[in-house]
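Just so you know, all these numbers are worked out from the coordinates, no wet-lab data involved. Computed from a predicted model, the values in this text were never measured in an experiment. Neighbour counts are summed over all protein chains in view; Cβ atoms, including those assigned to glycine, are modelled from backbone coordinates with ideal geometry.
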Amino acid sequence: MPRSAVAQWAALLLALAALPAHAGIKVSVEGVKDEMLRNVLLYLSVERYRDRDDVDQDMMQRLYDRIDVEVKDALHPFGYYEPTVAAEYQQAGRDWQVAVAIIPGEPMRIRELEVAITGPGAGDPVFDSIKNQNVLRIGARLDHAAYQDVKEAMELTAMTNGYVSAKFADAKIRSDPENHTAGVSLVLDTGPRYSFGRIDIQQDAIRPELMQRFLRFREGEPYTDDAVVFTRFALEDSLYFSDLDVSVDETEADPDTLTVPVRITARKGAPTFSIGGGYGTDTQVRGTLGWTDTLVNDRGHRFRAEIKASASKRQITSRYDVPIGDPALERMSLEYENRYEEKGDVDTNTNILRPSVTGVFGRWQTVGSVAATRTTEDKFERDTRTTSTLLVPGIELAAVPKDFLGEEQITRPLYAQLIGSHKGLGSDANFLRLLVQSERNFDLAPGWHLLLRGEVGATLVDDFSEVPTIYRFFAGGDRSVRGFGYEKLSPRDPEGNNIGGRNLLVGSAEVERDIPWNLSVATFIDIGNAFDNFKDPLEYSTGIGLRYRLPGVSIGIDFAKSLSERNSKIRLHLNIAPKL
C-alpha cells in the first residue's frame, strides 16, 4: 500500500476518533492487534500521557514527533523491522485526538537455526525438550520473545540440574533486513555436572536416621533442584517442624570437587488446632474440629483427633500414626471411629477399630487394613433395631501423581476398594464388596473444561439382609446423581423405605466455561442408581451450575432436573466448602 494511502487511512481514523472524550489524549491505533497492539501502546509516549489535562501545543508536537520511532521499536521484537507508520493529531476543545495507522510490512523470517547443547551434558536427557523445541523453527517469523524464552529455558534447565558453570558459546540473532531473513544461534556449553555435597542438618526434633529418610537426595548424587524442592515439601508436610529452611547457595559450589552443599535448619513444631465449616444441600451446615499432636516423640509418631458433624452425620475419629519406610509416604496407623449417619431411611451408629498400613509403589498408593466394627441400626423411625459385629479386612488402591508426597488429593483419577467379611472370622455376615471410583479433568480449550466422574460398586453375598447398611450402596445427591435427594436412590422395602442396594453405577459429564471474576458456568448430565441387579433401570438428570472460586473457599450452585422421573421438580444443590 503506497504511503499516500496510509496517510488517507490515518486521516479517516482521525475523523472517526474526533468525538467527545474525557480531558487528555485519545489515541486510536489501526493495523495491528493483540500482543503487537499492546506493545505499541506500551511504547507510545502519547498513550502514557493520555490522562494528562495540561498538554499544550509544544508538548503535543514533541510527543507526536516520537511516534514513528516508538512504533518501529515496538514492532522490532515481533520481527517487523520496516513498518510504515502514518499519524495525525488535532485538538478538539481541551482534548487531543491522535490517530496512528500502521502497515507492519514483510516480517523477518528465520532462514538459519541452531539450537544445540555441547559439553559434558550434551547427551543428558534433561535437555531433550530443548532439542525438540519448535518455538523457533526454519521459516517462522522472527520473534525476539520466543528467542528469549528458549534461551532462558536452556539456562534454567542447566542450572536446575547441576550444570552450575554452563554458559553460551554462541547466542546471537544475525539479521539480513534487505532479504527479510535472520539466522538464530543458541549454543549452550554445559560444563561439568555438579553433585550434592555436604548436607548440613541443624534440628533436634526427630532422630537423625528418621530425618535422613525424608531426604530426596544423597551426598554424591547428581544435583537437581527438584530433589531439593521435594525434600522441602516432604519436611513441611510432615508437620514436625517450624521455621523450616532448606537452602542451596550455588555461589558456594566447589569447582574442585564439583559439589553443591545443602543446609537444612528447623525447629520442633507445636500441636495444632483446626476448625472448618461448610454447607451443602446433602449435609446442610457442617463443621470440623481437629487437634493434632504433630510430634508425640522423636521417632515421628503423630496423634490426631477430629470431630465432624452435620445435620445427617456425626463422625468422631482418633488416629495414631507411626512412620515406616519412607516417612512421607508410608505409615502404620491405629484408628478408632464412632460414626452416626442417616443412610437412606436407616439411622446407623457404628464403632470401628481399624489398624492399617499405608504404602506407595510407583504411581500407586495402597492401604491394607482390618476393621473391627459394631453397628446398631434403627430402621424406619426406630421401629426396628438390629446390631451386627463384623471383622472386615480390606485393601485400597489409589492412583497418585508423579512425585506424590502424601498430600490430600482434591480429585482421585482412580480409586478402588475391596473389602469383605466371613463368619469364619467371627463376623455376623459373609460378603465381598468392590467399589471403583474415577474422576478426571480435561482442558478442552482456553477457558473450557470437561469433568468426567464415575462410580461402580458390586457386592457378592448370599444373604443380603445380613449386610449392615454402612456397607450397602446408595446414590443421589450433590456428588452423585443430581436432581435427586441425598442417598434417595436405592431399592425400597414394601413400605417405600430406602434400604440400600447390592450394586452401584453412577456417571457424570460436565462442561465448564470460565468467565471473569473467578466465576465459571457449567452444564452437566448425570446417570446412575443403586440397585440389586445391574439390569435394573438407571435414573437420569441434567442441569446447569455456577461456580465461584477463591483461594480459600469454593462455592457451587447447581440446578438439576430429573429426566427419568415423572413430574419432577428442579432441585437446588448448594455446596460451600474450603478449597484444598
Relative exposure of PHE214, PHE273, PHE524, judged by other C-beta atoms within 10 Å (fewest first): PHE273, PHE524, PHE214
Amide H proximity to ARG482 below 5 Å, modelled H, separation 5+ or other chain, gives GLY477
Can you give me the distance in nm between label points at LEU572 and ARG299, each placed 7 Å from the Cα along the Cα-to-Cβ direction? 5.4 nm
Taking H placed 1.01 Å from N in the peptide plane, check which residues at least 5 places from ASP326 or on another chain put their amide H under 5 Å from its amide H. none
Roughly speaking, what is the stretch gain from LEU546 to THR389, that is 0.36 nm per residue apart minus the C-alpha to C-alpha distance, in nm to one decimal? 52.1 nm
In whole angstrom, how far apart do the alpha carbon centroids of region 461-477 and region 335-366 sit? 16 Å
Amide H contacts of VAL164 (H built 1.01 Å from N, under 5 Å, at least 5 apart or other chain): TYR194
What ³J(HN,Hα) values, in whole Hz, does the Karplus curve 6.51 cos²θ - 1.76 cosθ + 1.60 give for region 455-471 when θ = phi - 60°, with x put for Gly and Pro? 9, 9, x, 8, 10, 9, 7, 7, 10, 5, 5, 7, 7, x, 4, 5, 9
Would you mind computing, in nm to one decimal, how far apart the modelled labels at GLU565 and GLU112 are, each placed 7 Å from Cα along Cα→Cβ? 7.4 nm
Dividing the helical contributions, -39500 (n - 2.57) per DSSP H run of n ≥ 4, by the residues of the chain yields a 222 nm value, nearest 500 deg cm²/dmol, of -4500 deg cm²/dmol
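Extension gain ALA122-LEU334, at 0.36 nm per residue separation less the Cα-Cα distance, in nm? The partial results should precede the final answer.
Details: separation 212, 0.36 × 212 = 76.32 nm, distance 5.10 nm.
In short, 71.2 nm is gained.
When a footprinting reagent is the concern and you count Cβ atoms within 10 Å, what order do GLU114, GLU396 take, fewest first?
Values: GLU114 12, GLU396 17.
Listing GLU114, GLU396 from fewest to most nearby Cβ atoms yields GLU114, GLU396.
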Using alpha-carbon positions, what is the distance between the centroids of region 80-128 and region 527-576, in Å? 50 Å
Provide the gained length on full extension for the span LEU451 to THR265, in nm with one decimal, where the gain is 0.36 nm per separating residue minus the Cα-Cα distance. 62.7 nm
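Estimate the FRET efficiency between LYS402 and ARG62 by the formula 1/(1 + (r/R0)^6), using the beta-carbon distance for r and 41 Å for R0, to the nearest 0.05.
Working: r = 57 Å, r/R0 = 1.40.
Once the sixth-power term is evaluated, E becomes 0.10.
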